[in-house]
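See structure below.
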Amino acid sequence: MTAVQVPDGAQPDQVRRIRTEIPGPRSMELAQRRGVALPAGLVSSAQVYVQAAGGGVVVDADGNSFIDFGSGIAVTTVGNAAPRVVERVTRQVQAYTHTCFLATPYEPYIAVAEELNAVAPGDHAKRTALFNTGSEAVENAVKYARAFTGRPAVVTFDHAFHGRTLMTMSMTAKNRPYRQAFGPFVPEVYRAPLPYPYRWPSGAAAAADEAFAHLELLVDSQVGAESVACLIIEPIQGEGGFIVPPDGFLRRVSDFCRERGIVFVADEVQTGIGRTGAWFASEHEALVPDLVVTAKGLAGGMPLGAVTGRADIMDAAPPGGIGGTYSGNPAACAAALAVFETIRADGLLERARAIGAGMTTELTAMARDCASIGEVRGRGAMIAVELVHPGTKRPDAAAVAELGRYCQERGLLTLSAGTYGNVLRFLPPLTISDELLAEGLGILRDGFAARSS
């Protein structure tokens, strides 16, 4: 079958359309080539291969058009191949593609830093450094904190995901598939319990106080606060299953760090740049982190990460100690400037809140009729359902896999998450239409109904 052709510069038709069995013949052909050319450990959740994407859809190589509830794992927040992103990147690569900011600097890097300094929480003096990925940005946040404090230790939390480099893999909580077979890990990384209200052993009401008591014991008595450079936390855990800490917990942790001279780092790689209905998820808790890490949605699909934070911390690294050959690539910087422009011009912060409200209402209604849904949670266009065996809280990862297949076969792309692999997470692009959003939720509703029957 001839694959669908999308004219240059055009967005795909905003419709769900299934023309072949899933996966189709062209996708299966590509899968065979992949099996020969790529290592076995490099896996993909969907079995279809992309030909075009935009708005709220992804079109595969066989011409099937899928509703997109994943955004490339929270990357294409402003839509895939967003017009302003395409236009700015095209102009930039026609001018120059690379000079290395460390060798011959350029204005787009500075302009992105100015944007991030302006929107990051707090009215203090800020600085921003750009990198290539979220993992790289997290790792450099640790370097800044260590340079500033002169201390070695890093505190992270249960269920956390911070990346796949050796440093960030050491900070990540989940063993399989992220840590298994890759040790030994970096020393001086310590993990505290995160208050996970749905699964806290003594109940949700006790989660915040008990988790905070564990944190105090860890930092003050076991590690020693004078040895801790930074504490890093996702305001809403991403790969961990969209866990939202109880109200007030993050502020309490931030105050605790400030009292002990510990750098408080918000990992907003998945939550930042409009995903939750604010520029940063920290804003929902009135947090002012010392350092904020961004990536994913920052550059509309181009590789870019950043650390933004207090000027005194960011200025502590020695000259030449931070950077990289491709860090702050000019094309990625152009894309990021287009993302800021698009979010403001198209009212996408408000759109994220509207998507979240609508999805939460619909998913909560489904939960009343489906005993497999243990909890609906999240903020803005970052919503998840945790699936369990009916009548229990026992995680049901098989149900997530089954529903994922059900949705894909009917034209809806979803993602899984969670320490136990039992969470369906939804990250639709903020440009998705109400019609596609409703249609996607309808497929989910039918899938849950099929399980309940």
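The values are calculated or read from the model by the stated rules, or taken from the named source; none is laboratory data. Everything numeric in this text was worked out from a predicted model, so none of it was measured. Backbone-built Cβ (ideal geometry, glycine too); neighbour counts: all protein chains shown.
List of remarks:
- The single condition from (1) surrounded by fewer than 24 Cβ atoms within 10 Å (Cβ to Cβ); (2) over 24 Å from Asp220 (Cα atoms) that Val269 fails is (1).
- Screening Val78 with (1) buried (at least 22 other Cβ atoms within 10 Å of the Cβ); (2) closer than 27 Å to Ala401 by Cβ gives one miss only, at (2).
- Of all residues in segment 70-92, those satisfying the criterion of being on the phi > 0 side of the Ramachandran plot and in a helix (DSSP H, G or I) are Ser71, Gly72, Ile73, Ala74.
- Filter result for the condition that a residue is under 20 Å from the mean Cα position of the chain (by Cα), assigned by TED's automatic domain parsing to the domain that holds Gly163, over 13 Å from Phe131 (Cα atoms) and surrounded by fewer than 21 Cβ atoms within 10 Å (Cβ to Cβ), over Leu287, Leu291, Leu250: Leu287
- Looking across segment 159-169, the residues that are under 23 Å from Pro195 (Cβ atoms), touching a Lys or Arg at 6+ places or on another chain (Cβ under 8 Å) and not aromatic (Phe, Trp, Tyr) come down to His159, Ala160.
- Among the conditions (1) part of a helix (DSSP H, G or I); (2) within 21 Å of the chain's Cα centre (by Cα); (3) in contact (Cβ under 8 Å) with a residue 40 or more places away in the chain, the only one that Val244 does not satisfy is (1).
- Spans of strands (runs of 3 or more DSSP E) in segment 346-453 with at least 3 residues of a type in the set (A, V, I, L, M, F, W, C) and assigned by TED's automatic domain parsing to the domain that holds Val59: 382-387, 423-426
- Inspection of segment 93-116 identifies no residue that is in contact with an Asp or Glu (Cβ under 8 Å, 6 or more places away or on another chain), modelled with pLDDT of 95 or more and either at negative phi or assigned by TED's automatic domain parsing to the domain that holds Gly301 (or both).
- When the criteria are applied in full, Thr308 meets the requirement of being over 15 Å from Leu349 (Cβ atoms) and hydroxyl-bearing (Ser, Thr, Tyr).
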